[in-house]
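> Dumping the structure here so I can ask a few things about it.
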Amino acid sequence: MSLPEHFFWGGATAANQCEGGYREGKRGIANIDLLPIGEERFAVASGKVKKLEFDDKYFYPAQNAIDFYHHYKEDIALFAEMGFNVYRMSISWTRIFPNGDEEQPNEEGLLFYENIFLECRKYGIEPLVTISHFDCPIELVKKYGGWKNRKMISFYEKLATTLFTRFKDLVTYWITFNEINMIYHLPFCAAGIYFEEEENQKQVIANAAHYELVASALATKIGHKINPQNNIGCMLAAGPYYPESCRPEDYWQAVCDDRDGYSLIDVQVRGNYPNYLLKKYQREGIHIPFAEGDKELLQKNTVDFVSFSYYNSRVSSADTSKKDTTEGNVFPTLVNPYLKVSDWGWPIDPLGLRITLNVLYDRYQKPLFIVENGFGAEDIPNEKGFIEDDYRINYLKSHIKEMIKAVEEDGVELWGYTSWGCIDLISNGTGEMRKRYGFIYVDRNNKGEGSFKRLKKKSFYWYKRVIASNGKELD
Ligand code: BG6
């Protein structure tokens, strides 16, 4: 089995889950800093509970995270040792514009990222940069209501223009928004939105999604103008829905559920709203807040590639009576009796990755990029202090095998693979450190205790061999 020689192998992180240093370098506070660990986290992330200030009652793991802010040189050196030729990371918006609406960017923030990119380049690692990974300055939430407000487009435009200009010679791979479809499930994370009682939540989300789509198209236009070499992509939280049975009604439900995932990237890839979404909005009495020029902008500035995260598949049923569910990325799904689940209840389905690659390629005929895939598990060092994470190796191996089949046997055009949380970081869903994805262990626990020391796990050496052999040596 073989992959193209120029295949990108690496790992992925997001600013708020690894950087820490939340008050350093004149950084401002972001929505995502305000997600506490514990029971209330989901209510805040989904906009049901309004939390716009820190509260001493809670612990906020993003404040220090794994302190990548001070360890980035050591961490990138470890990525290089594994043989990465790509590193997916994101920008903390409030390092660049602490409040979001300043005239001038914060030089300290720009310098921080410039140093990271230079460090990557030193080792021949291509940075793949997500402009907004669940990230929005809290001041923009307080003053404008986050992405509820069309004004966000110009603040985002300014951020994107600043980044494209300053990093013109250092970065040519960009993603405009992380998992844009998560706006439906985590509106505070994905768009800085919390709901007021009287609000029509579906309309608020449709507005915010439209503004993000316009902002994404605008950034694509500007990015291409500033550097025609820029590759600018969209990003989807993927994973196919399987019908619970072969009843046509169950299959139809699966089609509809899949469409909920694709609808926004359909716009980013094809340049217009799909008819099924227009009809759905019509039925629900939802109006898309088109302004003059939006349609043309969307039409003319489609993305260059489609990136996605894949953790698990899901199950759909037309029968809405109460049934057994299990967890999955961000929201639960019906149990699939054919699949095992992780300790966090996420189904393990390697073939689902091959299916996703094929479905996305059939749908769009655009190059694909797997920018997240991984196994969240608790790691316990053995008596010698070493972590033998065979469970993680098995998960990654089985998924990479399916990925290679999609390329080799099905002819899918795939640019690369960046496994999620290549170094342990805090979980977005739960805020835990205990749920680890990395090849590199970080000494830090759920309470924020630990030395931040980095240790190579067994999977570190395994992934190094995988990369060196371009996916030939998986065992
Ligand atoms: C994706 C996000 O949805 O899933 C990441 O883009 C997140 O930010 C990842 O960390 C894994 O989810 P979790 O909840 O295990 O951190």
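The values are calculated or read from the model by the stated rules, or taken from the named source; none is laboratory data. The structure displayed is predicted, hence computed values, not measured ones. Don't worry about glycine lacking a Cβ; one is built from the backbone with ideal geometry, like all the others, and counts go over all protein chains shown. To get the accessible areas, we keep the full protein, side chains included, count just its heavy atoms, and leave off ligands, DNA and RNA. Shrake-Rupley method; radii C 1.70, N 1.55, O 1.52, S 1.80 Å.
> Give me, ordered by chain and number, the residues 5 or more places off LEU128 or on other chains with an amide H under 5 Å from its own placed amide H.
TYR87, ARG88, MET89
> Which lysines have a Cα less than 19 Å from the Cα of LYS225, not counting those fewer than 8 places away in the same chain?
Output for LYS225: LYS158, LYS168, LYS300.
> From the Cα gyration tensor of the range 53-169, with a ≥ b ≥ c the square roots of its eigenvalues, which class applies: rounded if a/c is under 1.5, or else prolate if a/b is larger than b/c, or else oblate?
Oblate is the answer for the range 53-169, as a/c is 1.5 or above yet b/c matches or exceeds a/b.
> Further question: Give me the one-decimal nm value for the distance between modelled label points at SER451 and GLU408, 7 Å along each residue's Cα-to-Cβ direction.
In this crude label model, SER451 to GLU408 measures out at 4.3 nm.
> Per-residue HN-Hα couplings for the range 277-286, Karplus 6.51 cos²θ - 1.76 cosθ + 1.60 at θ = phi - 60°, whole Hz, x for Gly and Pro?
Values, residue by residue: 6, 4, 5, 5, 4, 4, 4, 8, x, 9 Hz.
> Next up: Express in nm, to one decimal, how much length is gained between ASP169 and GLU74 on full extension, taking 0.36 nm for each residue of separation and deducting their alpha carbon distance.
My answer for the length gained is 31.9 nm.
> Oh, and also: Which residues' amide hydrogens lie under 5 Å from the amide hydrogen of ARG314, considering only partners 5 or more residues apart or on another chain, with H built in the peptide plane?
Residues meeting the criterion, in which the H sits 1.01 Å from N, are TYR241, TYR242.
> A further question follows. Report the calculated FRET efficiency for LYS384 and GLU198 (r = Cβ-Cβ distance, R0 = 56 Å), to the nearest 0.05.
With a Förster radius of 56 Å, E is 0.40.
> Can you give me the P(r) profile for the range 178-300? Cα pairs, bins 5 angstrom wide beginning at 0, each as a whole percent.
2, 10, 17, 21, 20, 14, 8, 5, 2, 1, 0
> Still on this structure, please answer the following. Rounded to the nearest 500, what is the 222 nm mean residue ellipticity of the chain from helices alone, with -39500 (n - 2.57) per DSSP H run of 4+ residues and division by all residues?
Helix contribution divided over all residues of the chain: -12000 deg cm²/dmol.
> Okay, moving on. Please calculate how many Å² of accessible area the chain carries per residue, with a 1.4 Å probe and no DNA, RNA or ligand atoms counted.
Accessible area per residue, the chain: 39 Å².
> Then there's this: Considering only Cα-Cα distances, which of the following residue pairs are longer than 21 Å: LYS401/LYS456; LYS148/LYS366; LYS122/LYS453; LYS122/LYS457; LYS323/LYS401; LYS50/LYS142?
LYS401/LYS456; LYS148/LYS366; LYS122/LYS453; LYS122/LYS457; LYS323/LYS401
> Give the shape of the range 239-374 as rounded, prolate or oblate, defined through the alpha-carbon gyration tensor: a ≥ b ≥ c are the square roots of its eigenvalues, a/c under 1.5 means rounded, and otherwise the shape is prolate if a/b is larger than b/c and oblate if not.
Cα axes put the range 239-374 in the oblate bin.
> Can you give me the solvent accessible area of GLU103 with a 1.4 Å probe, rounded to the nearest 10 Å²?
That residue has around 130 Å² of solvent-accessible surface.
> Mind grabbing the accessible area of GLU102 for me, 1.4 Å probe, Å², rounded to tens?
About 50 Å², rounded to the nearest 10.
> Where the Cα atoms of the chain are projected onto their three principal axes, how long is each span, largest first, in whole Å?
So the three principal-axis extents are 61, 57, 49 Å.
> How big is the equivalent ellipsoid of the range 1-97 along its three axes, where each semi-axis is √(5λ) from the Cα gyration tensor, reported in whole Å from largest to smallest?
31, 16, 12
> In addition: Carbon and sulfur together cover what percent of the accessible area of the range 8-468 at a 1.4 Å probe radius?
49
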